[in-house]
Amino acid sequence: MKIRVLGSSAGGGFPQWNCNCRNCAGVRSGAVRAQPRTQSSIAVTRGHTGEATHHLTRSPASWVLVNASPDILVQLRASPDLQPARAMRDTAIAAVVLVDGQVDHTTGLYMLREATRPWPLWCTDAVYGDLTRGNPILKVLSHYCGIDHRVMVPDGMTFEVDGTPGLRWQALPVAGKPAPYSPNRQSPHPGDNVALLIADERTDATAVYAPGLEAIDARVWQAMQSASCVLVDGTFWSNDEMLRAGLSRHTAREIGHLPQSGDGGMLEWLARLPAATRKILTHVNNTNPILDEDSPERAELKRRGVEVAWDGMEITL
Ligand code: MLT
Ligand code: MN
Ligand code: ZN
């Protein structure tokens, strides 16, 4: 299987349009060595399917889009193979899977409204509820291409997603927060946020994708321990990062993100994984010092063998 990181930043992107934090101002002026990043999304493929009927013809690979970021149009332009041009209107994206109902993971559905058929869309009932009530994107979309809703039950049961035969998908509930417009903002439900496990039946390789999680419970930890690659929440370096910068009244954990540093932080968990496991942080907030390639925090990741996702990064498992 192949995972392409389409966008590796948290909501707001990097640099964020109205932000003058050290990183955002620094990447604009060139004073900070860092790569701009678009908002969180990956595309997943099993690779080419079907037998070649001629030595030159192979059916193009189909992909599953995991999360639809507001930056999807720019992301698609940067990934020309997602446009196989078999017809006047075409795409290599066969289905969409959502890990939560937040703005940065769902607004791109509006940009995909010209599809010629309803999008097969996998999400939990909790997310479906938020996207038909608090932020009724799916109702608005019904006036365009519409969606073909597939219920994703966050119980670890395996399911197959259109376009990736041979990949086994599972969703596990993770602690986190539903979006501010969710009727359940103050009383989170299982399924507001999920971790995805994606396994390739052919190679047995497994990826865990969890761009937003507040804590790692026993089931998610078990999945991480048996994965070949974990692509996990890299939003904040420290729990009080936004507080100290004067940008928020909330800690990382209060808004559903486990920070990297400190007791019980993501780095402690990652250090306990097998050495061979690829450990990658994604959904990186623009305030996070790991974006600065010359920062001591980035050097610390390097020492620990932890990578930082970047737009266009491709992971072959
Ligand atoms: C989050 O991950 O906490 C949210 O997506 C933040 C946002 O986009 O406003
Ligand atoms: Mn987010
Ligand atoms: Zn910033």
To two decimal places, what compactness ratio does the range 262-310 give when its Cα radius of gyration is scaled by 2.2 N^0.38 Å?
-> 1.11
Quick calc: nm separation of the 7 Å Cα→Cβ label points for D263 and R150 -> 4.3
Nearest 20 debye, what's the magnitude of the dipole of the chain about its Cα centre given +1 on Lys and Arg Cβ and -1 on Asp and Glu Cβ?
-> 440
Within the range 1-141, what percent of beta bridges assigned by DSSP are antiparallel, to the nearest 5?
-> 60
Would you calculate a helix-derived [θ] at 222 nm for the chain, using -39,500 (n - 2.57) for each DSSP H run of n ≥ 4 and dividing by the full residue count, to the nearest 500?
-> -4500 deg cm²/dmol
Rounded, prolate or oblate (a/c below 1.5 giving rounded, otherwise prolate when a/b exceeds b/c) for the range 1-50 by Cα gyration tensor | prolate
Which of rounded, prolate, oblate describes the chain, given a ≥ b ≥ c as roots of the alpha-carbon gyration tensor eigenvalues and a/c under 1.5 marking rounded, otherwise prolate only if a/b is larger than b/c?
-> rounded
Where does each of 169-177, 203-211 land if you order them by average Cβ count within 10 Å, highest first?
-> 169-177, 203-211
5 angstrom amide H check on R37, placed H, neighbours 5+ away = F14
Output the direction-averaged projected area (hull surface divided by four) of the convex hull of the alpha-carbon atoms of the range 173-317, in nm².
-> 9.5
By how many nm would the segment from H48 to A276 grow when fully extended, if each residue of separation counts as 0.36 nm and the alpha-carbon distance is taken off?
-> 79.4 nm
Quote the relative contact order of the range 124-234 in percent (integer), defining contacts as alpha-carbon pairs under 8 Å separated by 6+ residues.
-> 22
Share of antiparallel DSSP beta bridges in the range 199-317, in percent to the nearest 5?
-> 10
Of I255, N239, V27, whose Cα points farthest to the positive end of the dipole of the chain (charges on the beta-carbon: +1 Lys, Arg; -1 Asp, Glu; origin at the Cα centre)?
-> V27
Could you order peptides 27-36, 235-244, 279-288 by the average number of other Cβ atoms within 10 Å of their residues, highest first?
-> 279-288, 235-244, 27-36
Hey, with R₀ at 25 Å, roughly what FRET efficiency would D81 and R33 work out to, going by the Cβ-Cβ distance, to 0.05?
-> 0.30
Which distance in nm do the two modelled labels at D294 and D217 give, with both placed 7 Å along the Cα-to-Cβ direction?
-> 4.4
What relative contact order, as a whole-number percentage, does the chain give when Cα pairs under 8 Å and 6 or more residues apart are counted?
-> 19
Express as a percent, rounded to the nearest 5, the fraction of DSSP beta bridges in the chain (both residues included) that run antiparallel.
-> 50
For the range 70-215, rounded, prolate or oblate, judged on the Cα gyration tensor with a ≥ b ≥ c (square roots of eigenvalues), a/c < 1.5 rounded, else prolate if a/b > b/c?
-> oblate
Return the FRET efficiency for the residue pair D90, Y110: r is the Cβ-Cβ distance, R0 is 25 Å, and the value is rounded to the nearest 0.05.
-> 0.80
Those helices of the chain passing the 20 Å axial Cα length cut-off and the mean Kyte-Doolittle cut-off of -1.0 (DSSP H runs only) are none
Under a straight-distance cross-link criterion of Cα-Cα below 28 Å, which lysines are reachable from K177, leaving out those fewer than 8 residues away in the same chain?
-> K139, K279
Would you calculate the separation in nanometres between label points at R244 and V140, each defined as 7 Å from the Cα along the Cα-to-beta-carbon direction?
-> 3.7
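Laboratory data are not the source of any read-out in this text; all were calculated from the coordinates shown. These numbers were taken from a predicted model, which means no experiment stands behind them. Note that each Cβ is placed from the backbone with ideal geometry, even for glycine, and that neighbours are counted across all protein chains shown.
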